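Questions regarding the structure given below will be posed in turn.
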Amino acid sequence: KNKVIIDGSGLDEIHCGYDKYFNLDKKMDLTISQDKTKSVHSNHLGKILNNLNYNNGLKKVFDNYIYDAMYKDLFYVKLPRALRFRDKLGMASSKEIRPSFLNPELVLSFFKLKTNDHYNKSNNLGKYLLRKIYEKKIGKDISNLKKRNIQTPQTQWFRNELKPWVKNFIKDLSIYDREWIDRDKLNLNLDLFHNNKMNNSFFIWQMINLELWSKNLD
């Protein structure tokens, strides 16, 4: 028998499922984290990216800032990365994974909804229409539960058990010599992270992978 796994990927991006969509100021670019993480690009790499018009794909599409943020996450930021993960997991286990919420007609329908259908201001909850649909079947106590993030304990690892390894690894990166990364900027972010002044550890993961990838270029 061929087993098919139904996956919920995409619902948060088309139905206002992330808190950042309605918790940030309307004037802010919602694809950028509120965390204190600063760019660690070198000035040299920054000029190259600007010349390539790197941010062209993230131009404003919708006048409504919530819809614009969802659109960017759907096509450029969050979902493409998530779908790559799902695809690899499915192939590794010989299972077909179907993201049912990404039906094109359904996606278009969600982007035609009013903001109030996506977000309930009274209890600060996204995915409001879907919650209302299931409210009578599963009860308010369940339908109105806050979103629970399930993530690997990467932040805890980098801040505790793997802290010495991270500091030693970051100290002598070959990508400094390639003029891709600014050593001072990276160390500043690392200090902020290890001193509990920011919780975003993704930049560390990026530096580890960039360094390992760069070693295959020579």
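Values in this text are rule-based calculations from the coordinates and carry no lab data. Owing to the predicted nature of the structure, the values given are computational and were not obtained by experimental measurement. Counting neighbours? That spans all protein chains shown, and the Cβs are built from the backbone with ideal geometry, glycine included.
Could you give me the ³J(HN,Hα) list for the range 90-96, computed from phi with Karplus coefficients 6.51, -1.76, 1.60 and θ = phi - 60°, whole Hz, x at Gly and Pro?
For the range 90-96, the Karplus-derived couplings read x, 5, 5, 9, 6, 10, 8 Hz, x marking Gly and Pro.
Then there's this: Residues of the range 76-91 with backbone nitrogen within less than 13 Å of a virtual label 7 Å along the Cα-to-Cβ line of GLN206, please, listed as ranges.
From the range 76-91, the list is 77-78.
Can you pull the one-decimal nm distance between simple spin-label points at LYS167 and VAL61, each 7 Å off the Cα toward Cβ?
Those two pseudo-labels are separated by 4.4 nm.
Add -39500 (n - 2.57) for each DSSP H run of 4 or more in the chain, then divide by its residues: what number comes out at 222 nm, to the nearest 500 deg cm²/dmol? Each step should come with its number before you reach the end.
Numbers: 13 runs with 109 residues, N = 218.
Value at 222 nm, helices only: -13500 deg cm²/dmol.
Suppose every K and R has +1 on its Cβ and every D and E has -1 on its Cβ; what is the size of the dipole of the range 88-218 about the Cα centre, in Debye to the nearest 20?
Working: 24 positive and 14 negative charges, 209 e Å.
So the dipole magnitude of the range 88-218 works out to roughly 1000 debye.
Using a cut-off of 20 Å between alpha-carbon atoms, which lysines can reach LYS127, once sequence neighbours fewer than 8 places away in the same chain are excluded?
Those lysines meeting the cut-off are LYS20, LYS26, LYS72, LYS78, LYS112, LYS114, LYS136, LYS137, LYS140, LYS146, LYS147.
Under the rule of at least 5 residues apart or a separate chain, name every residue whose amide H is placed under 5 Å from the amide H of ILE97.
For ILE97, whose amide H was placed from the backbone, the distant partners under 5 Å are ILE5.
Of the listed values [x] 16.1, 49; [y] 17.6, 51; [z] 20.3, 61, grab the one calculated as Rg and Dmax of the Cα atoms in Å from the structure here.
Computed from the coordinates, Rg and Dmax of the Cα atoms in Å corresponds to [z].
Taking θ = phi - 60°, what integer Hz values does the Karplus form 6.51 cos²θ - 1.76 cosθ + 1.60 yield along the range 147-158, in sequence order, with x for Gly and Pro?
5, 10, 7, 10, 9, 5, x, 4, 4, 5, 4, 5
With springs connecting C-alpha atoms under 10 Å apart, model the chain as a Gaussian network and identify which of SER174, SER122, SER143 has the largest mean-square fluctuation.
Top of the fluctuation ranking is SER122.
In whole percent, what relative contact order does the range 103-218 give with Cα contacts below 8 Å and a gap of six or more residues?
Details: 47 pairs, mean separation 19.1, N = 116.
Result for the range 103-218 is 16 percent.
Here is a further query. At 7 Å along Cα-to-Cβ for each site, give me the label-to-label distance between ARG183 and TYR76 in nm.
3.4 nm
Would you mind counting up the charge near ILE133? Only other residues with Cβ under 15 Å from its Cβ, with Lys and Arg at +1 and Asp and Glu at -1.
+4
To continue, here is another question. What residues qualify as long-range amide H neighbours of LEU125, i.e. H under 5 Å apart, gap of 5 or more or another chain, H built at 1.01 Å from N?
HN-HN under 5 Å from LEU125: ASN120.
Using DSSP to call loops (not H, G, I, E or B), can you name the GluC sites (Glu not before Pro) in the range 109-218 whose Cβ has at most 14 other Cβ atoms within 10 angstrom?
Counting only loop positions with at most 14 other Cβ atoms within 10 Å, the GluC sites (Glu not before Pro) in the range 109-218 are GLU161, GLU179.
If you take the beta carbon distance between LEU113 and ASN144 as r and set R0 to 22 Å, what does 1/(1 + (r/R0)^6) give as a FRET efficiency, to the nearest 0.05? Don't jump to the answer; show the numbers that get you there.
Values: r = 19 Å, r/R0 = 0.85.
Given R0 = 22 Å and the Cβ-Cβ separation, E is 0.70.
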